[in-house]
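Okay, so here's the structure we're looking at.
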């Protein structure tokens, strides 16, 4: 599994979620080895978007970056379910 987390500029959460849905998930699902993708959100002072992707092999995938200042920062981790 790969978990991508991005802090979103306050007031831009809807824009960030739309980009992840429209662009990132579509690219992930077209990438060899991607089995599924799930988007999560956390609202609050600093909203966050999470993308969990499941792979049948170690992925070679980068979410990319939405132009403008929608995201404050982002990071990804590979994790293994137990």
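Where a number appears in this text, it was derived from the coordinates with a stated rule and is not lab data. Everything quoted here is computed from the prediction, not taken from an experiment. Every residue, glycine as well, gets a Cβ built from its backbone with ideal geometry; the counts of neighbours run over all protein chains shown.
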Next item on the list: Only residues that are without any contact (Cβ under 8 Å) to a residue 24 or more places away in the chain and either assigned to a helix (DSSP H, G or I) or surrounded by 14 or more Cβ atoms within 10 Å (Cβ to Cβ) (or both): list them for region 8-20, please.
Entry: 14, 18
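For residue 3, indicate whether it is part of a strand (DSSP E or B) and touching a residue at least 60 places away in the same chain (Cβ under 8 Å).
Details: part of a strand (DSSP E or B): yes; touching a residue at least 60 places away in the same chain (Cβ under 8 Å): yes.
It is true that residue 3 is part of a strand (DSSP E or B) and touching a residue at least 60 places away in the same chain (Cβ under 8 Å).
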Next item on the list: Return the total of residues in region 30-74 being surrounded by 10 or more Cβ atoms within 10 Å (Cβ to Cβ) and in a strand (DSSP E or B).
Entry: 20
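Without any contact (Cβ under 8 Å) to a residue 12 or more places away in the chain, under 13 Å from the mean Cα position of the chain (by Cα) and over 13 Å from residue 7 (Cβ atoms): which single residue out of 29, 51, 40, 82 fits that description?
Working: 51 fails: without any contact (Cβ under 8 Å) to a residue 12 or more places away in the chain; 40 fails: without any contact (Cβ under 8 Å) to a residue 12 or more places away in the chain; 82 fails: under 13 Å from the mean Cα position of the chain (by Cα).
It is 29.
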Next item on the list: Report yes if residue 23 is outside any helix (DSSP H, G or I) and exposed (fewer than 15 other Cβ atoms within 10 Å of the Cβ), otherwise no.
Entry: no
Notebook entry, point to check: In region 67-82, how many residues are closer than 14 Å to residue 19 by Cβ and touching a strand residue (DSSP E or B) at 6+ places or on another chain (Cβ under 9 Å)?
Noted result: 3
